[in-house]
Structures are given as C-alpha cells and as structure tokens.
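The values are calculated or read from the model by the stated rules, or taken from the named source; none is laboratory data. These figures come from a predicted structure and were not determined experimentally. Methodologically, a virtual Cβ is constructed for each residue, glycine included, from the backbone with ideal geometry; neighbour enumeration extends over all protein chains shown. In case anyone asks, the SASA skips ligands and DNA or RNA and just uses the protein heavy atoms, side chains included. Shrake-Rupley method; radii C 1.70, N 1.55, O 1.52, S 1.80 Å.
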Amino acid sequence: MPKATANMLSENQALSFDDFKKEVLADYKLAYESRQASLLGRKEVLTGKAKFGIFGDGKEVAQLAMAKAFRAGDIRSGYYRDQTFMFATGMSDIRKFFAQLYAHVSLEAEPASAGRLMNGHFASRFLDEAGQWKDLTAEPHSTSDISPTAGQMGRALGIAYASKLYRNNEALHHLKQFSKKGNEVSFVTIGNASTSEGHFWETVNAAGVLQVPLAINIWDDQYGISVPAKYQTTKENLSDILSGFVTNENGKGYRLYTVKGWDYPALCETYLTAIAEMRETHMPAIIHVTEITQPQGHSTSGSHERYKSAERLQWEQTHDCLVKMREWMIAQGIADEATVYALEQEAIQFVKSEQKAAYDAFRAEIEAEKAEALAALDALIMVSSMGEPLNKLRNELAATKDAIRKDVMSTLRKALRTCRFEATPQREALVTLKKELDALNHERYSSYLYSESNGSALQVTEIPAQFSENSQSLNGYEILNKAFDHILASEPRFFAIGEDVGKIGDVNQGFAGLQEKHGEIRVTDTGIREMTIVGQGLGAAMRGLRPLVEIQYLDYLLYALQIMSDDIATLQYRTKGGQKAPLIIRTRGHRLEGIWHSGSPIGMILHSIRGMHFLVPRNMVQAVGFYNTLLKADEPALVIECLNGYRLKERMPD
C-alpha cells in the first residue's frame with residue numbers, strides 16, 4: 001500500500017498526524033466492529049434466534065472510504081452488503097443492525113423497516129410521524145433497499161436526475177428542504193454478479209446520456225453466490241467492458257475508477273476525488289472496487305467451501321481487507337500490535353453487548369404480552385368449567401421457550417373456542433385482550449400499504465366537474481393538453497418525461513406544444529427504456545418533485561413492472577410510512593385491436609402493484625380529475641387512458 005499521508009482522509013483540510021492516526025484507528029475499529037457483527041449475526045441465525053442472515057463482511061474498508069465522501073443531502077440506493085457504510089455515516093448502528101436481524105417491530109429499535117424487511121435492508125426516515133417531508137438536506141439519507149439485487153438502479157438514477165433538475169431549474173431553488181441547488185450525489189451500490197442484469201446496463205446508459213451525479217459503486221468479489229465471474233461477465237473484467245462509457249474526445253460519458261478493495265489509502269483518495277469532481281460537474285462515475293472477499297460466503301444458506309478452491313480460499317484470507325489494513329497501520333507506525341489487539345478486543349466486547357441489548361429488547365416486548373396472556377388465562381381458569389383443557393393450553397404457552405407472537409395469539413384463540421359457551425367477565429377480559437393485540441398486530445404488520453397521512457388520495461376533497469349549456473366540446477386529447485398546460489404553469493415541481501413526450505407532444509398529442517412553451521427541462525423526451533423512465537420518476541418523487549412519467553403503450557409497461565411491484569408499490573409499507581414516492585405513471589391501452597399497442601394485461605398488473613392506486617378513467621375529463629387528485633396526494637398511481645378516447649368529443653368543464 002502507499003505511504004500514509006495526513007491529508008488523504010479529507011477533501012477540505014490537512015490533518016495533523018496525530019489526528020490522522022486517530023481517524024485511521026477509529027475507522028479500523030468501526031470496520032472491525034462491523035466484521036464482528038457479521039460473524040455474530042451468522043451465529044444468531046444458525047442457533048435459531050433469527051431466520052436468515054446476509055452480511056457485508058469483506059467490504060468494510062471500501063465502505064469506510066465511500067462514507068468519507070458522503071455528505072448531508074446525499075442519498076444512497078444500495079443492497080444488503082452495505083452495513084459498514086451505514087454505520088460509518090451514522091444512518092444505522094450495531095444495535096439497530098441486530099434489531100433488524102431479529103425482526104423487532106419497534107420503529108425506535110429498527111427505524112429502517114420496523115422489522116418488515118430481512119436483515120441488511122437499510123433505510124433512513126424521509127418523513128416525520130405525520131407523513132410530511134423532513135429536511136432532506138440536513139442529514140445523509142438512504143432509500144429503502146429491496147432484495148432484487150439490481151432493482152435499486154432505476155431509483156438511483158431518479159435520485160440523481162432530481163439533482164439535475166434542482167440545479168438547472170431556477171423555479172425549484174426555493175425548495176431548500178430538498179436540495180441545495182442540485183449539490184447532492186446519488187450513490188448506488190451493486191455486486192459484480194448483479195451487473196449482469198439488464199437494469200444495470202439500462203441505467204448506466206441512461207445516466208451517461210442524462211449526465212447526472214450518479215456514483216455507481218461495484219463491489220467485485222468475482223462471484224454471484226456460487227457462480228464465478230467467467231459465467232457472469234464478458235472478459236471477466238467489468239472495468240474493461242465499461243471503458244467504452246468513459247468520457248473522451250467523442251463525447252461525454254463517465255469517469256471510471258478501478259481500485260482494490262483492501263487498499264485503504266487508495267480507496268480514500270479515489271472516493272474523495274471522484275465524488276468532489278462529480279458534485280461540481282454532475283458527470284457520473286463508476287467506482288469498480290476489485291479484489292473484494294467474502295469471509296463467510298454468500299449467506300447463512302450455505303458455505304463457500306463447497307464451491308471455492310483451496311487456493312481461492314487461501315487468497316481470500318491473505319487479501320481480507322481488515323488483514324491488509326491492519327498490516328498497513330503497523331507498517332506505517334500508526335499503531336503497534338498491542339494497540340491494535342486491544343482495540344479489537346474492545347470491539348468484540350462492544351458488539352456482544354449491543355447484540356445482547358438488541359435481543360433483550362426484542363424479547364421483552366413479546367414476553368410482556370405472553371405474561372399478560374397467561375395472567376388473563378389464569379383468571380379465566382379459576383371460574384371456567386373448562387378449567388382442565390384451558391390449563392393445558394396455559395401451561396403449553398408458559399413452557400414455550402422464546403415464544404413468538406403467533407404462539408400467544410394462537411393460545412388465545414384456542415382458549416376462547418374452548419370456553420365459547422360461557423359468559424363470564426373473565427372470558428370477556430380475554431376477548432378484550434385478544435382484540436387489543438389484534439389491533440396492535442395489525443398496526444405492526446399490516447399498516448401503511450397505502451398512505452395513512454392527510455395526503456392520502458382518499459382524503460383529497462372532491463371537486464365535481466361543472467358543465468353548462470355553454471361548455472365547449474373538444475377532442476379528448478385537447479382536454480388533456482389544456483390540463484397539462486395548467487399544471488405546468490401552476491406547479492413548478494411537476495415535470496413530464498417519456499418516449500416522444502417532448503418535441504412532438506406525445507403520440508396522442510396530450511403534451512403538444514408544451515415543451516416549446518414550458519421548456520425542455522419540464523417536458524422531456526427519453527430513450528426507449530421503460531424501466532429507467534419509471535425509475536427516473538421514482539427517485540425524483542422521493543426527493544419532493546412531482547413527476548409524470550409516460551409509458552407509450554400499456555403493453556410496454558411490463559418492462560417496468562418489476563420495480564413498480566417490488567419498489568414503488570411496497571415503499572410506504574416496507575418503511576412503515578418512513579418514505580414515499582408520489583409518482584404518476586401515465587400510459588394508454590384497451591383498444592383490443594390486436595396483441596400489441598392496444599392490449600390490456602390488467603390481471604397481471606392488478607395483482608402486481610397492490611400499494612399503488614390503479615386508475616382507468618372512462619374519458620379524458622375523468623382522467624384530468626384523477627391527475628388533479630393525485631397531484632394533491634402523496635401516493636403513487638398508474639393511470640391508463642383509453643386509446644379510443646383521444647379523438648372523441650367531450651364537454652370541457654367550465
């Protein structure tokens with residue numbers, strides 16, 4: 001590794017060597033704590049305290065470096081390997097990490113998802129308790145992770161696109177709680193194997209075209225679970241095949257950086273340089289971090305000894321990023337062996353104490369409900385003629401070690417059925433307890449499929465269309481055009497993007513003339529890339545903008561259905577009201593005059609997007625009503641206009 005220098009950890013100031021040493025040691029300690037969390041987390045799964053575990057061991061040092069370049073207002077979109085980054089930025093900590101591993105349903109204990117997501121799925125709170133936007137520039141933030149390991153790419157593009165809009169549209173500069181004139185960077189992380197997905201390449205191309213501040217970070221350990229790079233990547237070298245996207249004399253594209261995942265000083269220098277340049281120029285960058293290791297393999301589902309050679313396993317031990325950083329610190333005189341060892345022992349004890357605190361807090365809530373149920377059963381047994389079977393149920397629950405809520409509720413239901421013909425105050429007390437716990441569990445596990453704030457679309461006051469004898473008769477597309485013109489003039493946060501939406505005003509003329517009138521930044525053409533069109537809108541909506549994204553025909557919505565189903569529709573639910581994306585997806589269909597350009601795959605879509613509003617207006621006046629309602633609401637929706645309606649005459653409301 002390079003020689004230690006005191007200014008490699010900060011883009012703004014040189015540190016004294018003593019301060020430099022302190023920062024390096026603090027970094028190493030945090031990385032070591034993260035590693036211990038991974039090791040202990042795996043044990044917790046294998047001993048039955050948690051269901052499944054997937055961890056970020058082997059990626060600690062690269063994530064320390066990425067965190068150094070991450071600023072308040074920046075937003076991460078990642079996947080389940082980023083725990084060290086979350087700890088380093090203060091967006092999570094060891095105790096919260098274990099709370100999520102145990103699926104603790106408390107927002108205080110597990111603010112990312114209140115126990116709704118599997119471990120390693122991170123998020124920060126964009127919204128306050130009332131569902132209103134916080135100041136997104138005051139703190140670093142993370143969008144909520146999803147398990148499809150390239151599904152975050154489209155969202156990250158939209159986060160970056162919002163920075164472009166906030167920088168280049170002066171009408172948005174007053175929205176200071178969302179952006180400081182587009183100074184924010186969108187960070188996205190992805191594993192090398194997941195770059196094989198089409199989502200990755202579509203996003204890489206779109207961001208290069210758009211020139212937005214998207215930092216694509218590839219953690220490359222040369223495997224995708226058990227499948228090595230030779231089955232994943234052309235040439236087995238992502239930097240090589242991505243090099244064609246690099247900015248050169250032929251045009252703007254990307255800056256591309258390749259750096260080893262165990263080289264702490266090079267990683268710090270790379271990240272500080274790359275992100276500072278991006279923040280200024282908005283040119284996207286790819287940071288390809290190579291020679292990453294997986295000390296525990298992919299997950300708790302199995303062991304990597306099954307598919308890695310002895311030589312590879314030995315290489316991973318010697319190139320473990322913590323081993324390399326430790327060697328470098330001692331070689332550079334930053335710390336001696338005794339100091340590092342003491343720090344490691346302190347880290348081990350700290351992680352154990354945090355794990356215990358998280359588990360005790362998780363168990364305490366359930367044990368309290370179990371005790372309440374047992375007390376109610378004891379009172380019932382004293383007066384019931386069914387005392388013997390009730391006592392059996394009671395004792396089975398009491399003897400259940402590490403009972404879960406299902407055990408408590410199942411016992412209550414069985415007890416009530418057992419004494420169903422009795423009418424006593426004690427049975428009524430048990431009924432009341434069950435109802436209270438049912439309500440509490442509904443809030444814990446089933447709330448926020450849709451918005452529960454005052455911004456819910458169902459709370460928007462209806463304004464009926466008013467007609468008179470003098471109401472003008474217009475083509476359907478003309479009614480839409482007038483409505484979009486009004487929205488663009490009155491709502492600066494609104495913009496529309498899609499194939500042919502800009503210059504020609506969409507294929508059915510709903511936006512005809514509006515790009516010329518309101519500007520290309522408000523009414524914008526895109527390439528043929530449905531997933532990232534929707535992703536562009538999703539990320540922008542998560543930053544306070546009000547996008548309408550158009551999919552030219554309903555048939556082609558299926559390209560974007562994955563992120564609609566996995567990401568948009570679940571967002572409020574999986575964050576328990578902590579994030580929202582008031583995105584409108586506009587398309588057209590239903591003509592039923594052939595297979596494509598006129599289809600109606602409603603069944604597939606309907607069952608895929610619970611969590612989004614699904615609107616099918618009967619005419620264009622009603623479509624306008626839907627758009628007006630949605631723009632007052634804080635929820636996502638799909639609106640499917642009828643292809644046959646654009647040239648049918650309708651009365652224009654007065």
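Which distance in nm do the two modelled labels at ALA276 and GLU396 give, with both placed 7 Å along the Cα-to-Cβ direction? Inter-label distance under the simple model: 6.7 nm.
Largest first, how would SER301, SER179, SER309 line up by accessible area (1.4 Å probe)?
Values: SER301 90, SER179 5, SER309 55 Å².
Output order, biggest surface exposure first: SER301, SER309, SER179.
Per residue, the chain exposes 41 Å² of accessible surface when a 1.4 Å probe is rolled over the protein heavy atoms with every protein chain present.
The count of lysine pairs in region 497-654 whose Cα atoms are under 30 Å apart, excluding pairs fewer than 8 places apart on the same chain, comes to 8.
By per-residue mean of other Cβ atoms within 10 Å, what is the highest-first order of 221-228, 170-177, 183-190, 262-269? Let's see the in-between values first.
Working: 221-228: 17.2, 170-177: 13.9, 183-190: 26.4, 262-269: 23.1.
My ranking of the peptides, most packed first, is 183-190, 262-269, 221-228, 170-177.
Counting only lysines at least 8 places from LYS22 when in the same chain, those with an alpha carbon closer than 26 Å to its own are LYS3, LYS59, LYS68, LYS96, LYS260, LYS324, LYS352.
Based on C-alpha pairs under 8 angstrom that are at least 6 apart in sequence, the chain has a relative contact order of 15 percent. Mean residue ellipticity, 222 nm, helices only, the chain: the sum of -39500 (n - 2.57) across DSSP H runs of n ≥ 4, divided by residue count and rounded to 500, is -13500 deg cm²/dmol.
Find how much the distance from GLU422 to HIS486 grows on full extension, using 0.36 nm per residue of separation minus their present alpha carbon separation; answer in nm with one decimal.
16.5 nm
Quick one: with all protein chains in place, what share of the accessible area of region 487-586 is carbon or sulfur, to the nearest percent (1.4 Å probe)?
Numbers: 1260 of 2590 Å².
Looking at region 487-586 in its full context, I get 49 percent from C and S.
Only one residue of ALA62, ASN169, ALA156 has its Cα farthest out toward the positive end of the dipole of the chain, where Lys and Arg carry +1 and Asp and Glu -1 on Cβ, and that residue is ALA156.
Please report the net charge: other residues with Cβ closer than 12 Å to the Cβ of ARG167, K and R +1, D and E -1. Walk me through the numbers on the way to the answer.
Details: positive: LYS164, LYS180, LYS181, ARG279; negative: GLU170, GLU184, GLU280.
Result for the local shell: +1.
Pairs LYS43/LYS406; LYS370/LYS414; LYS43/LYS370; LYS392/LYS414: which are spaced more than 20 Å apart, C-alpha to C-alpha? Checking Cα-Cα distances, LYS43/LYS406; LYS43/LYS370 exceed 20 Å. Below 17 Å Cα-Cα, how many Lys pairs turn up in region 123-247? Only count pairs eight or more apart in sequence, or on different chains, if you could. So the count of such lysine pairs works out to 5.
The local environment of GLY302, defined by Cβ-Cβ distances under 12 Å, has a net charge of +2 under the rule Lys, Arg +1 and Asp, Glu -1.
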